[in-house]
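The values are calculated or read from the model by the stated rules, or taken from the named source; none is laboratory data. Remember, it's a predicted structure, so these values are computed and weren't measured experimentally. With ideal geometry, Cβ positions are generated from the backbone for all residues, glycine too; neighbour counts draw on all protein chains shown. Just the protein is used for accessible areas: all its heavy atoms, side chains included, with ligands, DNA and RNA removed. Shrake-Rupley method; radii C 1.70, N 1.55, O 1.52, S 1.80 Å.
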Amino acid sequence: MSDVVVGEDGVARCPWGLSTPDYVAYHDEEWGRPVHGEDALFERVCLEAFQSGLSWITILRRRAGFRAAFDDFKIDAVAAFTEQDRARLLADAGIIRNRAKIDAAVLNAVAAQQLRTSYPGGLDALIWSFAPDPATRPVPRTTADVPATTPESLALAKDLKKRGFRFVGPTTAYALMQACGLVNDHLAGCARR
């Protein structure tokens with residue numbers, strides 16, 4: 001038995017992927033597909049951090065605002081943000097105005113810059129080094145089969161924190177792994193699996 005739901009378009013999807021049109025597009029076009037590139041992964045790290053304590057739809061609907069506010073998540077640009085930039089971000093209604101999360105984004109950009117010299121391949125190589133072997137992972141059949149954390153997400157969170165990243169706990173790290181295709185948590189029977 002699988003929890004997949006068939007939409008009005010006849011496509012079987014994970015149940016959360018049908019809750020809003022925004023989720024349909026995100027589920028079908030992005031979630032679980034491999035993401036590479038320092039800036040692209042940095043964006044996902046930041047967005048997952050901003051999502052902490054909120055629903056993902058809140059972040060998804062403000063994504064354009066985040067991209068505009070954070071210079072398209074270019075690591076070097078965000079690492080150079082000043083106190084004036086932080087004040088600008090705190091006043092920006094197009095994003096989540098949380099000082100700790102804004103500070104974390106800037107500090108995470110600095111940490112991502114430092115990875116370039118301390119870890120061959122930088123942020124991309126580091127994050128992907130924690131991808132589990134897909135052959136060892138059972139295919140989830142129901143939403144109850146999808147974990148909130150895994151040993152790999154615990155290890156990724158620990159490593160990122162050791163390197164100066166913030167707002168990267170094991171649950172956030174696992175959500176990052178799901179979103180960026182390190183793991184495939186589309187349910188059995190989902191058309192996007």
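Only one of (1) modelled with pLDDT of 95 or more; (2) in contact with a Phe, Trp or Tyr (Cβ under 7 Å, 6 or more places away or on another chain); (3) open to solvent by less than 60 Å² (accessible area, probe 1.4 Å); (4) within 21 Å of R166 (Cβ to Cβ) fails for R67. Which number is that?
(3)
Is it true that some residue in segment 8-20 is open to solvent by less than 70 Å² (accessible area, probe 1.4 Å), part of a loop (DSSP other than H, G, I, E, B) and small (G, A, S)?
There is at least one residue in segment 8-20 that is open to solvent by less than 70 Å² (accessible area, probe 1.4 Å), part of a loop (DSSP other than H, G, I, E, B) and small (G, A, S).
Any residue in segment 175-193 that is in contact (Cβ under 8 Å) with a residue 24 or more places away in the chain and open to solvent by 20 Å² or more (accessible area, probe 1.4 Å) sitting within a Cβ distance under 6 Å of a residue that is in a loop (DSSP other than H, G, I, E, B) and of a type outside the set (F, W, Y)? List the pairs, counting only those 6 or more apart or interchain.
Q178/D185; N184/G32; G189/S2; G189/V4; A191/V11; R192/H186; R193/H186
Taking segment 53-98, which residues are more than 30 Å from L18 (Cα to Cα), outside any helix (DSSP H, G or I) and under 18 Å from the mean Cα position of the chain (by Cα)?
K74
Quick grid of which residues meet (1) over 16 Å from the mean Cα position of the chain (by Cα); (2) surrounded by 13 or more Cβ atoms within 10 Å (Cβ to Cβ); (3) free of Cβ contacts under 8 Å to residues at least 12 places away in the same chain:
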{"position": "A100", "(1), (2), (3)": "yes, no, no"}
{"position": "A104", "(1), (2), (3)": "no, yes, no"}
{"position": "T117", "(1), (2), (3)": "yes, no, yes"}
{"position": "F130", "(1), (2), (3)": "no, yes, no"}
{"position": "T136", "(1), (2), (3)": "yes, no, yes"}
{"position": "L154", "(1), (2), (3)": "no, yes, no"}
{"position": "R166", "(1), (2), (3)": "no, yes, no"}
